[in-house]
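Q: Once you've had a glance at the structure underneath, I'll fire off some questions.
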Ligand SMILES: *Cc1c(COP(=O)(O)O)cnc(C)c1O
Ligand code: SF4
């Protein structure tokens with residue numbers, strides 16, 4: 001705070017924080033120790049993906065530790081320039097699943113959409129998966145584009161869940177957010193809106209009483225944030241989360257597993273415990289995506305599974321996130337984790353617990369299911385019926401016994 005020569009009032013004003021984000025090496029070297037090579041590296045990396053660190057987040061960096069987990073998420077490194085053959089501009093094919101090229105909607109799953117409403121962030125995370133959009137002025141989330149997104153949702157009655165993201169969904173003005181939430185909840189089929197925002201971590205000053213008043217007006221708003229390390233849970237962040245909880249917003253967290261930052265079971269466990277203390281449910285732990293310049297952040301998938309192995313059963317179930325790999329090519333999130341089913345037979349299943357105890361759970365002697373109730377839930381919601389995805393294989397009305405890709409070579413043979 002002293003360095004920035006800011007008054008306490010300025011430092012706690014998110015607009016001041018946003019305006020004073022650190023964007024150049026010259027500013028940065030006043031805060032942390034940088035060697036000449038490091039400075040050169042940062043300058044090169046900046047040509048590929050800009051830097052912007054809020055003074056608040058910068059103040060959490062240990063100025064002398066090059067491996068500081070806060071620093072690693074915020075300060076560029078030359079490793080970002082390394083190109084690997086599999087790296088993809090849009091690893092999750094979010095653009096492919098969009099109604100049009102300029103659209104801010106990604107409609108991948110049957111009943112929910114991702115709606116990008118801003119390309120601003122409190123801090124540009126070095127591990128960002130949306131580097132091509134974030135901080136890029138070409139992606140302009142003008143009112144026109146947002147109105148088109150709303151129109152798309154209005155025209156698709158199957159959409160019951162809207163995820164607002166960006167950039168950061170809370171780096172729009174209070175007025176715009178209020179208007180947008182109002183428009184969304186005016187659509188009869190929109191049941192919930194989820195806000196994706198990292199401001200509680202990188203710019204907690206953005207969580208103002210005025211913002212909370214807006215959020216409180218809408219009964220079905222959820223918020224997912226992005227804490228990656230227990231060091232990020234500061235008094236300021238706690239205060240922001242407490243204000244959101246008080247406004248009645250259910251809180252979740254999505255972390256990314258990052259080499260050198262949090263790829264340790266103890267760190268993740270501590271993080272998840274700290275999250276629960278601020279009423280925040282660990283939701284997902286993401287395997288790092290195949291975006292360009294992220295190779296140095298990637299861990300093996302098996303490390304993630306090992307981390308879950310060391311959480312499940314060993315600590316509160318509430319503290320265990322779902323570990324997911326977002327499938328390259330747009331297949332969406334695939335949960336992976338330890339296997340607990342060892343074997344199965346007609347009479348029972350053999351399971352193991354977190355301690356390695358192996359047990360047999362007998363299946364009921366006769367079990368079959370038939371709909372006997374006069375409920376009509378599935379008639380009104382065709383999406384609830386089985387007969388989609390893998391469940392097609394179970395469905396008696398379908399005589400499908402195998403799911404095969406259209407491009408199967410042997411199909412072309414005869
Ligand atoms: C992650 C994601 C969602 C939401 O997935 P949930 O598993 O419901 O949290 C929706 N759309 C897209 C494109 C996503 O990447
Ligand atoms: S806050 Fe999210 S969108 Fe913004 S730079 Fe970080 S990871 Fe990317």
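Q: Within the group 219, 235, 209, 188, which residue is away from ligand 2 (no atom under 16 Å from the Cβ) and modelled with pLDDT under 95?
A: Just a single option satisfies the conditions, and that option is 219.
Q: Next question, about the same structure. Report the residue count in the stretch 317-367 for those that are on the phi > 0 side of the Ramachandran plot and loosely packed, with under 13 Cβ neighbours inside 10 Å.
A: Final tally of qualifying residues: 2.
Q: Do you know which residues across the stretch 277-322 are assigned to a helix (DSSP H, G or I) and either within 16 Å of ligand 2 (Cβ to nearest atom) or touching a residue at least 60 places away in the same chain (Cβ under 8 Å) (or both)?
A: Matches in the stretch 277-322: 295, 296, 297.
Q: Further question: Give me a count of the residues in the stretch 147-167 that are away from ligand 1 (no atom under 16 Å from the Cβ) and under 23 Å from residue 227 (Cα atoms).
A: Selection size over the stretch 147-167: 0.
Q: Quick one: is residue 59 surrounded by 15 or more Cβ atoms within 10 Å (Cβ to Cβ), away from ligand 2 (no atom under 16 Å from the Cβ) and either modelled with pLDDT of 90 or more or on the phi < 0 side of the Ramachandran plot (or both)?
A: Yes, satisfied.
Q: Here is a follow-up. Checking the structure you have, find out if any residue of the stretch 262-276 is within 16 Å of ligand 2 (Cβ to nearest atom), within 30 Å of residue 44 (Cα to Cα) and modelled with pLDDT of 95 or more.
A: Yes, the stretch 262-276 contains at least one residue that is within 16 Å of ligand 2 (Cβ to nearest atom), within 30 Å of residue 44 (Cα to Cα) and modelled with pLDDT of 95 or more.
Q: Enumerate the pairs (first residue in the stretch 334-348 and within 27 Å of residue 364 (Cα to Cα); second residue anywhere and assigned to a loop (DSSP other than H, G, I, E, B)) with beta-carbon separation below 6 Å, excluding pairs fewer than 6 apart on the same chain, so at least 6 apart or on different chains.
A: Pairs that qualify, where the first residue is within 27 Å of residue 364 (Cα to Cα) and the partner is assigned to a loop (DSSP other than H, G, I, E, B), are 348/363.
Q: From the list 210, 175, which residue is surrounded by fewer than 21 Cβ atoms within 10 Å (Cβ to Cβ) and either within 16 Å of ligand 1 (Cβ to nearest atom) or free of Cβ contacts under 8 Å to residues at least 24 places away in the same chain (or both)?
A: 175
Q: How many of the residues making up the stretch 57-88 are within 18 Å of residue 227 (Cα to Cα) and in a loop (DSSP other than H, G, I, E, B)?
A: 7
Q: Could you list, in sequence order, the residues of the stretch 37-56 that are buried (at least 18 other Cβ atoms within 10 Å of the Cβ), modelled with pLDDT of 90 or more and not in a helix (DSSP H, G or I)?
A: 51, 52, 53, 54
Q: Then there is this: Kindly provide the set of residues from the stretch 222-241 that are within 10 Å of residue 201 (Cα to Cα) and either within 16 Å of ligand 1 (Cβ to nearest atom) or in a strand (DSSP E or B) (or both), ordered by number.
A: Once the filter is applied, which keeps residues that are within 10 Å of residue 201 (Cα to Cα) and either within 16 Å of ligand 1 (Cβ to nearest atom) or in a strand (DSSP E or B) (or both), the stretch 222-241 yields 225, 226.
The values are calculated or read from the model by the stated rules, or taken from the named source; none is laboratory data. Quick caveat, the model's predicted, so the values are computed rather than measured. Cβ coordinates were reconstructed from backbone atoms using ideal geometry, including for glycine residues, and neighbour counts include every protein chain displayed.
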